[in-house]
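The structure appears right after this line, and notes come after that.
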Amino acid sequence: MKDLIAYIAKALVDKPEEVEVKEIEGEQTSVIELKVAKEDLGKVIGKQGRTARAMRTILSAASTKINKRSVLEIIE
Amino acid sequence: MQEFEFEGKTTEEAIEKACKELNRPKEELDIEILEPGSAGIFGIVGTKKAKIKVTLPQEEQEEPTEENDVDFAKKTLQDILSLISTEAEVTAGTEDGKITLNIYGDKSGLLIGRKGKTLDALQFIVNKIVNKSLSRKVQVVVDSENYRQRRRESLIQIALKLGDKAKRIGKPVTTNPLIPRERRIIHLALKDDPQLDTRSRGEGLLKKVLIIPKRS
């Protein structure tokens, strides 16, 4: 899950070296924390949150595949 | 961009040299004078050569080919799919100037999602990634199991059915909330019906289409 979000985030931002992804695993639900450079925040959120929403949709499809739930949190 | 340096007794001479060697008229060259040069005293002591820098316009630079774009788009989607841990594969092509990516081998429909939600998300992300690295804009369409065509046909069916209903009851009817591309299909399906009018209603990305019977 972590790798999936890291891959997408790195491809979207200007400073891929500053992308940090942490996965906090729970019994059923995992929390994926995404941190990017301040200037890149808009790139991973997108207009009206469209990019963030698309990432969450893809993440939930990937989680369904392994019978889990994941939540994406973008850290400011 | 290509840069050259030329020298001459005067700047004029250096420019002339540049034109001759690069085989271009003066007007086409971007000239920067590095040292104006001086004739010195009596033309003997302290003579300095004039030096100029010439930059050729960018046209010589190679644009990435369309084939590269298609390959890049395909690789991006394939990478994402393998991180979702599906065995699905991607085929790529072009159609009307758009890059088309087709996912096959996703038997469960997982990558399509409810009402194509996952497919749209993948399409949105791949478009973002591909267009970030290109100077010009390309449109990438992501499809799986011919979903786009099937959805289009079922939307047209819905439009016609709701259109009939509106005419029958003589009152406006609405569709479910739809994204712009899908609303467009509804509007176009009923455009040629002289008895009906269509309008979008709502705020934001998702709007309903209002199908209104015209009073005769």
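Numbers at a glance
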quantity: Rounded accessible area per residue of chain B, 1.4 Å, Å²; calculated: 64 Å²
quantity: Those residues of segment B:101-125 for which accessible area with every protein chain present is at least 10 Å² below the isolated value (1.4 Å probe); calculated: B:Leu110, B:Lys117, B:Thr118, B:Ala121, B:Leu122, B:Phe124, B:Ile125
quantity: Sites B:Ile212 and B:Arg150, calculated FRET efficiency, Cβ-Cβ separation with R0 25 Å, nearest 0.05; calculated: 0.35
quantity: Members of A:Lys22/B:Lys117; B:Lys9/B:Lys53; B:Lys137/B:Lys207 lying beyond 22 Å, as alpha-carbon distances in this model show; calculated: A:Lys22/B:Lys117; B:Lys137/B:Lys207
quantity: Accessible area of chain B belonging to carbon and sulfur atoms, whole % at 1.4 Å probe; calculated: 49 percent
quantity: Nearest-10 value in Å² for the accessible area of B:Tyr104, using the 1.4 Å probe; calculated: 110 Å²
quantity: Calculated FRET efficiency for the pair B:Asn176/B:Thr91, C-beta based, R₀ 35 Å, to 0.05; calculated: 0.65
quantity: At least 30 Å along the helix axis (C-alpha) and Kyte average at least -1.0, DSSP helices within chain B; calculated: B:147-169
quantity: Accessible area of segment A:16-76 belonging to carbon and sulfur atoms, whole % at 1.4 Å probe; calculated: 46 percent
quantity: Gain upon complete extension [B:Arg24, B:Asp192; 0.36 nm per residue less C-alpha separation]; calculated: 54.7 nm
quantity: B:Glu35/B:Lys137 FRET efficiency (R0 45 Å; Cβ-Cβ; nearest 0.05); calculated: 0.55
quantity: Computed label-point distance, nm, for sites B:Leu205 and A:Asp14 using a 7 Å Cα→Cβ extension; calculated: 2.4 nm
quantity: Size of the A/B contact, given as accessible area buried on both chains, probe 1.4 Å, in Å²; calculated: 1800 Å²
quantity: Residue-normalised accessible area of chain A, expressed per residue, 1.4 Å probe, Å²; calculated: 58 Å²
quantity: C-alpha long axis of helix A:50-65 to longest principal axis of chain A, angle in °; calculated: 30 degrees
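The values are calculated or read from the model by the stated rules, or taken from the named source; none is laboratory data. For clarity, every value in this text was computed on a predicted model and none was experimentally measured. Cβ atoms come from the backbone with ideal geometry, glycine included; neighbour counts cover every protein chain shown. Ligands, DNA and RNA are stripped out before the accessible areas are found, and what is left, the full protein with its side chains, is counted by its heavy atoms. Shrake-Rupley method; radii C 1.70, N 1.55, O 1.52, S 1.80 Å.
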